[in-house]
1. Using the Kirkwood formula on the Cα atoms of the chain, what hydrodynamic radius do you get, in angstrom to one decimal?
2. Report, to the nearest 10°, how far helix 3-21 tilts away from the longest principal axis of the Cα atoms in the chain, using its own Cα long axis and a range of 0 to 90°.
3. Report the extension gain between residue 88 and residue 107 in nm, rounded to one decimal, defined as 0.36 nm multiplied by the number of residues separating them, less their alpha carbon distance.
4. If contacts are Cα pairs under 8 angstrom and at least 6 residues apart, what is the relative contact order of the chain in percent?
5. Quick one: the Cα spread of the stretch 1-40 along its three principal axes, in angstroms, biggest first?
6. Going by Cα centres, the stretch 1-72 and the stretch 93-117 are how many Å apart?
7. Using only the alpha-carbon atoms, how far is helix 99-128 inclined from the longest principal axis of the chain? Give it as 0 to 90 degrees, nearest 10.
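We did not get these values from a lab; they are worked out from the coordinates using the rules stated. Fair warning: this is a prediction, and the values are worked out from it, not measured in the lab.
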């Protein structure tokens, strides 16, 4: 491995360790103060969630175990904020796939759509003749 790859691996491992240490923090608890590195939530942007539960006051890095390959990956607080507040994702959802499995799934779906598009045009051409 190159020194860049070693550095990236070390950084990823440190992020996992830090995210695991933050796993016990409840971001909805009003008595808990946001830890260093957390991202504050905007309650106005979370108003699309129709829930009886408390909404998060801040986001912390979370560890995600990929449903497909079992790899542990960090779901950063910044991406959580984007998902819940900008993309308006449901507050009860969590990431279930690592980035590489999500990219592979997206590519598989794109390929299926492209081949379905080719098949449908071939069917239309045979119907016309």
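1. Details: mean 1/r = 0.0565 Å⁻¹.
Taking the inverse mean of 1/r over all distinct Cα pairs, the chain comes out at 17.7 Å.
2. With rounding to tens, the tilt is 60 degrees.
3. On the way: separation 19, 0.36 × 19 = 6.84 nm, distance 2.37 nm.
That pair, residue 88 and residue 107, stretches by 4.5 nm at full extension.
4. Working: 119 pairs, mean separation 26.2, N = 129.
Answer for the chain is 20 percent.
5. Projected onto its principal axes, the Cα set of the stretch 1-40 covers 45, 17, 10 Å.
6. 23
7. Rounded to the nearest ten degrees, it is 20.
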